[in-house]
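Input: a single structure, listed below in structure tokens.
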Amino acid sequence: MDERKAQFLIADDEYKVRDLIRKYVNECGHDAECVSIGEEVLRKIYGGNRYDGVFTDFRMPGMDGLSLIRALHEEQIRIPLVIISAFGNVEALTEAFKKGALDYISKPFSPEEIRDAIRTMLNQVIDLKTSSNTVKGLIEQKAFPGALKYLLPLFSHFPSSPIPHYLYGLLREAQGDYDEAFRHFSASMALDKGYEPSIKKHEEYRPKHLKEGKDE
Amino acid sequence: MSKRKSWYVIVIGSGRFGARLAGKLSYEDHSVVVIDTNETNFDNLPPEYTGFTIQGDATDVEVLKLAKAHKADLFLALTDDDNTNFFVSQVAKDIFHVPHVISRVYDPANLPLFHEFKIETITPVLLALSTANKMLEKIAEEDK
């Protein structure tokens with residue numbers, strides 16, 4: 001059982017399925033919000049709501065699950081997402097996985113499958129957080145090769161996340177390469193305009209950069 | 001947090017008994033799948049039923065695979081045919097290794113067969129007899 005109380009979003013046009021998933025999420029000690037269409041998921045996420053994971057049906061009226069995944073991918077929003085559907089079209093699933101879906105559960109599903117999906121989604125969040133803390137710790141200790149060793153895989157594991165670029169910026173900053181650091185803080189912001197640590201760094205560097213007449 | 005673990009339950013047969021029991025289990029927060037060859041039988045499911053339905057023949061192993069029988073905690077064979085109930089119960093036990101299999105048995109003469117294969121049973125005739133006996137005993141007691 002996970003100790004942290006997480007928040008999940010469930011999108012399915014069948015209220016019975018939504019309720020069932022919510023029951024199992026609650027059984028694991030977490031909270032869940034339910035919506036019936038893909039557009040609502042985007043509205044909630046764009047509205048600033050934070051979720052540890054999303055369960056989405058593939059076939060929904062209006063924006064379906066695949067369109068939702070595409071939209072999140074285009075907006076560079078990285079959030080653990082599990083597809084739950086009775087229809088497993090191979091091409092659609094392949095595209096969904098390429099664009100960030102974490103897992104697929106076919107209907108009907110057992111409570112255990114939902115519990116496993118919750119664990120997978122939370123581990124995904126925890127992994128990035130744990131790795132980030134490790135990298136930051138190594139940078140503080142000036143153990144730069146070690147930090148780089150932990151950091152490089154994060155780029156391939158979390159290509160849409162702003163965190164690897166931010167961490168790389170911190171590393172270059174600690175090594176005294178401020179131009180390279182600024183470039184990576186900017187790259188981090190390009191991936192997520194709202195990522196606070198990069199915004200702060202960017203604001204800190206930008207005046208100096210402009211003064212020196214360098215391009216961003 | 002719920003205190004009791006949710007089960008994954010497969011119910012074969014959506015007649016009056018199967019549908020009501022499925023509704024009860026679903027209401028108690030278990031994940032339930034009802035399988036029936038006749039889609040109109042799903043109309044018997046009560047409003048509180050929040051589980052899944054599969055139209056198909058449960059004697060077809062592929063249908064049981066689709067229902068993820070290998071993940072089931074409880075398997076209930078509740079059709080009105082003893083042969084079907086016996087066959088699907090056997091498959092659930094031996095192929096899908098479902099830990100708890102309960103079957104409805106109409107003809108008490110078939111009970112030894114089910115028990116020989118260690119399938120738990122519900123026999124409506126015996127249950128009715130037992131209830132009738134209790135009622136008769138109560139009346140006899142009152143008449144003394």
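Hull volume per residue, based on the alpha-carbon atoms of chain B and their convex hull, is 147 Å³.
Of A:ALA96, A:GLN124, A:LEU42, which is farthest towards the positive pole of the protein assembly as shown's charge dipole, taken about the Cα centre with +1 and -1 on the beta-carbons of Lys, Arg and Asp, Glu respectively? About the Cα centre, the residue reaching furthest to the positive side is A:GLN124. With neighbour counts taken as other beta-carbon atoms within 10 Å, the residues A:ILE21, B:ILE95 rank, fewest first, as B:ILE95, A:ILE21. For peptide B:24-34, the mean count of partner chain Cβ atoms within 10 Å of a residue's Cβ comes to 3.
In percent, how large is the relative contact order of chain B, given Cα pairs closer than 8 Å and 6 or more residues apart? The partial results should precede the final answer.
Values: 250 pairs, mean separation 26.9, N = 144.
Computed value for chain B: 19 percent relative contact order.
On the principal axes of its alpha carbon atoms, the stretch B:1-48 extends 37, 17, 14 Å, with the longest extent given first. Sorted largest first, the spans of the alpha carbon positions of chain A along the three principal axes are 60, 35, 29 Å. Per-residue 3J(HN,Hα) values for the stretch B:11-20, derived from phi via the Karplus relation 6.51 cos²θ - 1.76 cosθ + 1.60 with θ = phi - 60°, read 10, 9, x, 10, x, 4, 6, x, 5, 5 Hz in sequence order (x marks Gly and Pro). The calculated 222 nm mean residue ellipticity attributable to helices in the protein assembly as shown amounts to -16000 deg cm²/dmol, summing -39500 (n - 2.57) over DSSP H runs of n ≥ 4 and dividing by all residues. Based on the Kirkwood radius over alpha-carbon pairs, what is the Stokes-Einstein translational diffusion coefficient of the stretch A:127-211 at 25 °C with 0.890 mPa s viscosity, in µm²/s? Approximately 194 µm²/s, per Stokes-Einstein. Counts of other chain beta carbons within 10 angstrom of each beta carbon in peptide A:108-116 average 6.
Per the Debye formula on identical point scatterers at the alpha carbon atoms of the stretch A:17-91, with no solvent, log10 I(q)/I(0) at q = 0.15, 0.19 Å⁻¹ is -0.51, -0.82. Largest first and in whole Å, the equivalent-ellipsoid semi-axes of the protein assembly as shown read 57, 19, 18, each the square root of five times a Cα gyration tensor eigenvalue. With the convex hull drawn over the C-alpha atoms of the stretch B:83-144, the volume per residue is 82 Å³. With neighbour counts taken as other beta-carbon atoms within 10 Å, the residues A:HIS30, A:HIS73, A:HIS165, B:HIS115 rank, fewest first, as B:HIS115, A:HIS73, A:HIS30, A:HIS165.
In this model, which of A:LYS44/B:LYS24; A:LYS107/A:LYS129; A:LYS98/B:LYS93; A:LYS16/B:LYS65; B:LYS5/B:LYS134; A:LYS98/B:LYS24 are farther than 30 Å apart at the alpha-carbon? Kindly include the intermediate steps, with their values, before the conclusion.
Values: A:LYS44/B:LYS24 35 Å; A:LYS107/A:LYS129 32 Å; A:LYS98/B:LYS93 39 Å; A:LYS16/B:LYS65 22 Å; B:LYS5/B:LYS134 35 Å; A:LYS98/B:LYS24 41 Å.
From A:LYS44/B:LYS24; A:LYS107/A:LYS129; A:LYS98/B:LYS93; A:LYS16/B:LYS65; B:LYS5/B:LYS134; A:LYS98/B:LYS24, over 30 Å: A:LYS44/B:LYS24; A:LYS107/A:LYS129; A:LYS98/B:LYS93; B:LYS5/B:LYS134; A:LYS98/B:LYS24.
Basic side chains Lys and Arg get +1 at the Cβ, acidic Asp and Glu get -1 at the Cβ, and with that the dipole of the stretch A:1-93 about its Cα centre reaches some 160 debye.
Farthest towards the positive end of the charge dipole of chain A, among the residues A:GLY146, A:ILE163, A:VAL54, is the Cα of A:GLY146, using unit charges on the Cβ of Lys, Arg, Asp and Glu.
Where a number appears in this text, it was derived from the coordinates with a stated rule and is not lab data. All values reported here derive from a predicted model rather than from experimental measurement. Note that each Cβ is placed from the backbone with ideal geometry, even for glycine, and that neighbours are counted across all protein chains shown.
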